[in-house]
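Accompanying notes for the structure given below.
Every number in this text was worked out from the coordinates using simple rules, so none of it is lab data. Note that the structure is a prediction, hence the values are computed from the model and not measured. Counting neighbours? That spans all protein chains shown, and the Cβs are built from the backbone with ideal geometry, glycine included.
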Amino acid sequence: MTAFGSVFMPEMALTQFDGEKWSDFNLVPCDSISLHPGAHVLHYASTCFEGLKAFRHADGSVKIFRMDCNIARFDQSSALLALPAIDGEQTRDMIIKVVERFAKEVPEVPGSLYIRPTHIGTEPAIGKAAGPSTTSMQYILVSPVGDYFTGGADATLRLLLEEDGMRCAPHMGRIKSGGNYASALLPTLNAKRDLGIDQILFCPNGDVQETGAANFMLIDGNTLITKALDDSFLHGITRDSILTIARDLGMNVEERDLSVDELLERSQKPGCEAALSGTAAVLTPVGTLLHKGKEYQVGDGKAGETTAKLRKALNDIQWGLAEDKHGWLTCVSS
Ligand SMILES: *Cc1c(COP(=O)(O)O)cnc(C)c1O
């Protein structure tokens, strides 16, 4: 099987900001762009992106999940990086256009078409380490994908609880920006090599935040606990969807700080579950926590029932098997 996100449809939607306005967008070949080697993004990481999915329903229709939330976050990431403001309507049109173009190639569920809007600072200005790029480029790539975690439905993840380092600078956490992933990469690679873990759960000063690319949730009986929104971590749209579904199912949702101590204590209770949420990960069970050289099983260490139930409820909406009562799907004509 090919790696997640390594196959692209041959065209993407692209527009450029010339300092004053966005150009009309076009569908262009996706295998190259032209960029000055002094482009702002290549030196000062003026870049942000989004990740969302389109699904094929049984009737053949193609539906994009929570697109407007992703566009709002893209707009905010651009603003927080001092990139030119996006035109949300245009970005919406670009996403729909490119998904329509490849509607026939959207895989059957559980596969999907992964959509990757990208915004980069293009001004050739290496003197602007402390200045914004006045020009930029936005493009929408699409990539057919299967399941992100290939271990199967019952596989669980091993996470290292890291209290000393952090994923990125605290004021950057909510921005979906390239530099944040570069910042988390080496600590994660080292921990994978030395400790055989799957991901680091970053917990600076004992505050349980998130992993390199997914949000963290603890499920204790009928209660779901996850960190309340602040600037320090990425505000996942899957997180929001799962919390909404959990409330719909009558669960207590606690959005609040969770300490490493509380996490380790609660996770030892029978029936306790933990999971990672994200567009790619959906809701993936966590079986083991590593902390200061000790291993802690979460509950019985196996994939939990409530995690599976929440994941299924989300997939059912995305796949057209349950009513879309929150209006999360946008239909694309094919
Ligand atoms: C994208 C991302 C998430 C998950 O966000 P979704 O909108 O649910 O896909 C969580 N954490 C980080 C760091 C991310 O980049």
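Worth a mention:
- Principal-axis tilt of helix 88-101 within the chain, Cα atoms, nearest 10 degrees: 90 degrees
- At R0 = 41 Å, FRET efficiency that the Cβ-Cβ distance of Lys21 and Asp248 yields, to 0.05: 0.45
- Considering only Cα atoms, the convex hull volume of the stretch 1-83 works out to 160 Å³ per residue.
- The label-point distance for Lys192 and Asp59, in a model that sets each label 7 Å from Cα toward Cβ, rounds to 4.2 nm.
- Relative contact order of the stretch 11-145, taken over Cα pairs closer than 8 Å and 6 or more residues apart, is 36 percent.
- Every helix of 4 or more DSSP H residues in the chain counts as -39500 (n - 2.57), and over all residues that averages to -8000 deg cm²/dmol at 222 nm.
- When DSSP beta bridges are restricted to pairs lying wholly in the stretch 157-318, around 65% turn out antiparallel.
- Low-density loop cleavage sites - GluC sites (Glu not before Pro) in the stretch 35-128, where at most 14 other Cβ are within 10 Å (DSSP): Glu108
- The stretch between Asp324 and Asp300, if pulled fully straight at 0.36 nm per residue, gains 5.3 nm over its current Cα-Cα span.
- Exposed trypsin sites (Lys or Arg not before Pro) absent: longest stretch of the chain, with sites in DSSP loops and at most 12 other Cβ within 10 Å deemed exposed: 22-255
- Fully extending the segment from His36 to Asn315, taken as 0.36 nm per residue of separation minus the present Cα-Cα distance, adds 96.2 nm.
- Residue-wise HN-Hα coupling along the stretch 192-203, computed from phi with Karplus coefficients 6.51, -1.76, 1.60 (Hz; x: Gly, Pro): 4, 5, 7, 10, x, 8, 8, 8, 9, 9, 6, 9
- Between the amide H of Val286 and those of Leu157, Ala274, Ala275, Leu276, distances stay under 5 Å, these residues lying 5 or more places away or on another chain, with hydrogens modeled in the peptide plane.
- Put the Cα centre of the stretch 114-192 next to the Cα centre of the stretch 257-334 and the gap is 21 Å.
- Scaled against the 2.2 N^0.38 Å expected of a compact globular protein of N residues, the Cα radius of gyration of the stretch 11-145 reads 1.09.
- Helix axis angle, 305-318 relative to the chain longest principal axis, alpha carbon, degrees: 20 degrees
- In a fully extended conformation the segment linking Glu108 and Leu264 would gain 52.2 nm over its present Cα-Cα distance, using 0.36 nm per residue.
- Cα pair distances exceeding 14 angstrom across the stretch 78-129, given as percent: 67 percent
- Entry note, the chain: relative contact order of 19 percent, from Cα contacts under 8 Å with a spacing of 6+ residues.
- Stokes-Einstein translational diffusion, the chain - Kirkwood Rh over all Cα pairs, 1.306 mPa s, 10 °C, in µm²/s: 76 µm²/s
- Global form of the stretch 157-318, assessed from the alpha-carbon gyration tensor, a/c cut-off 1.5: oblate
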